[in-house]
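Inspection log for the structure reproduced underneath, given as structure tokens.
Bear in mind that the values in this text are calculations on the coordinates, not laboratory data. As the structure is a computational prediction, the values presented were derived from the model and not from experiment. Every residue, glycine as well, gets a Cβ built from its backbone with ideal geometry; the counts of neighbours run over all protein chains shown.
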Amino acid sequence: MKPLFFLALLLLAFQLSLNSAWASTDIAKKNACMSCHNNEKKLVGPAFKDVAKKYAGVPDATKKLALSIKAGGAGKWGPVPMPPPTSLSDSDATKLASWILEGAK
């Protein structure tokens, strides 16, 4: 009985992680993030993997990145400004930041 319970728990955790990844990809697409960003290489803005590297080891990285995403900005990654996404909720900004910091996959 215990092995079956642990298997079910493992499958549930796997399903939740997939849902989170798909949700974050959808959030990025819905807010036009993918127009300027890519997981692996710089387009107009930095690659998500480079953002994750920059925030690695930073205390409250998810919160700080979510705030940065919401505010937009210029000068952190070059001269091209990132406009703030107008319809991105605080909750979705946090999900997006977590997704980026976890490898954007």
For segment 17-104, give me every one of the helices (runs of 4 or more DSSP H) that falls completely inside it and has 2 or more residues that are surrounded by fewer than 12 Cβ atoms within 10 Å (Cβ to Cβ). 90-101
Yes/no for Lys70 being more than 21 Å from Thr25 (Cβ to Cβ), in contact with a helix residue (DSSP H, G or I) (Cβ under 8 Å, 6 or more places away or on another chain), free of Cβ contacts under 8 Å to residues at least 60 places away in the same chain and not hydrophobic (A, V, I, L, M, F, W, C): no
